[in-house]
1. Give me the pairs, please: first residue somewhere in segment 10-35 and over 15 Å from residue 59 (Cα atoms), second residue anywhere and in a helix (DSSP H, G or I) and of a type outside the set (D, E, K, R), beta-carbon distance under 9 Å, and either six or more positions apart or on two chains.
2. Could you check segment 27-55 and list, in sequence order, the residues that are closer than 30 Å to residue 5 by Cβ and among the aliphatic types (A, V, I, L, M)?
3. On the given criteria, is residue 48 under 16 Å from the mean Cα position of the chain (by Cα) and modelled with pLDDT of 85 or more?
4. Filter segment 55-73 for residues that are touching a helix residue (DSSP H, G or I) at 6+ places or on another chain (Cβ under 7 Å) and either closer than 17 Å to residue 28 by Cα or surrounded by fewer than 12 Cβ atoms within 10 Å (Cβ to Cβ) (or both) and give the result.
5. Of the conditions (1) under 30 Å from residue 6 (Cβ atoms); (2) exposed (fewer than 10 other Cβ atoms within 10 Å of the Cβ), residue 24 satisfies every one except a single condition; which number is it?
6. Which residues, counting only those in segment 27-44, are open to solvent by 100 Å² or more (accessible area, probe 1.4 Å) and part of a helix (DSSP H, G or I)?
7. Looking only at segment 16-31, which residues are within 12 Å of the chain's Cα centre (by Cα) and of a type in the set (S, T, N, Q)?
Amino acid sequence: MLDRIAERVSEKPEILNRRREIVEHPFGTIKQWMNQGAFLMRGLENVRAEFSLTALVYNLRRALNILGTKALLAAVQA
């Protein structure tokens with residue numbers, strides 16, 4: 001499987017660069033906007049919970065920016 005992935009990447013390296021751009025943006029935003037440079041909790045379970053809350057807030061903030069308050073409330077109530 002790893003050989004197939006390496007072969008696909010070597011054929012089209014721009015795909016991997018594009019994926020990195022898409023994936024890295026949310027993490028950079030979380031670190032900068034939400035002051036989440038490091039985790040406050042210790043232990044895998046606690047870190048997972050902390051990151052889940054951070055991701056939830058990030059997604060809600062994006063939804064508010066994209067849809068607006070009225071449309072988001074209407075979608076939640078529906």
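1. Once the first residue is over 15 Å from residue 59 (Cα atoms) and sits in segment 10-35, its partners that are in a helix (DSSP H, G or I) and of a type outside the set (D, E, K, R) give 15/9; 16/9.
2. Of everything in segment 27-55, those that are closer than 30 Å to residue 5 by Cβ and among the aliphatic types (A, V, I, L, M) turn out to be 30, 44, 47, 55.
3. On the way: under 16 Å from the mean Cα position of the chain (by Cα): yes; modelled with pLDDT of 85 or more: yes.
It is true that residue 48 is under 16 Å from the mean Cα position of the chain (by Cα) and modelled with pLDDT of 85 or more.
4. Within segment 55-73, 58 is the sole residue that qualifies.
5. (2)
6. 31, 32, 33, 44
7. Matches in segment 16-31: 29 only.
The values are calculated or read from the model by the stated rules, or taken from the named source; none is laboratory data. None of the values given here were measured: they were computed from a predicted structure. Cβ sites come from the backbone with ideal geometry, for glycine too, and all protein chains shown count toward neighbours. In case anyone asks, the SASA skips ligands and DNA or RNA and just uses the protein heavy atoms, side chains included. Shrake-Rupley method; radii C 1.70, N 1.55, O 1.52, S 1.80 Å.
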